[in-house]
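Before any comments, here is the structure.
The values are calculated or read from the model by the stated rules, or taken from the named source; none is laboratory data. Bear in mind the structure is a predicted one, so any value in this text is a computation, not a measurement. Cβ: placed from backbone, ideal geometry, glycine included. Neighbour counts: every protein chain shown.
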Amino acid sequence: MTHDHDTIVKSTRDSMPNMDTMFELADFFKVFSDSTRIRIMCALFEQELSVCCIAETLSMEQSTISHQLRILRRENLVKVRKDGKQSYYSLADEHIKQIFEMGLEHISE
């Protein structure tokens with residue numbers, strides 16, 4: 001059985017997302033490369049939390065948590081709800097938990 005190299009290459013290229021989408025996806029996954037951000041997202045799986053609660057849960061400084069939350073918000077992975085002066089953070093959507101769980105499943109194999 002012979003393969004038409006040009007046809008295979010074209011078909012493969014056509015099935016791939018465009019370069020802009022690839023760069024966006026790479027940037028998206030970079031957010032998951034920091035263990036503090038992973039821990040924050042994991043803390044938010046069950047309920048929304050304030051910066052103070054997240055910091056205490058993770059035994060970290062509030063300033064560190066705030067910095068990482070800014071990154072997570074910028075990448076639309078978490079959202080914030082204001083209640084007076086207090087801010088509460090939660091996951092932006094269920095996909096974030098699914099991505100985490102898929103990654104965890106993969107490394108657990």
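Out of the residues in segment 29-38 that are closer than 26 Å to GLN62 by Cβ and not aliphatic (A, V, I, L, M), which is surrounded by the most Cβ atoms within 10 Å (Cβ to Cβ)? Top of the filtered list is ARG37. Would you confirm whether or not segment 84-94 contains a residue that is surrounded by 15 or more Cβ atoms within 10 Å (Cβ to Cβ), at pLDDT 95 or above and among the aliphatic types (A, V, I, L, M)? Yes; the residues of segment 84-94 include at least one that is surrounded by 15 or more Cβ atoms within 10 Å (Cβ to Cβ), at pLDDT 95 or above and among the aliphatic types (A, V, I, L, M).
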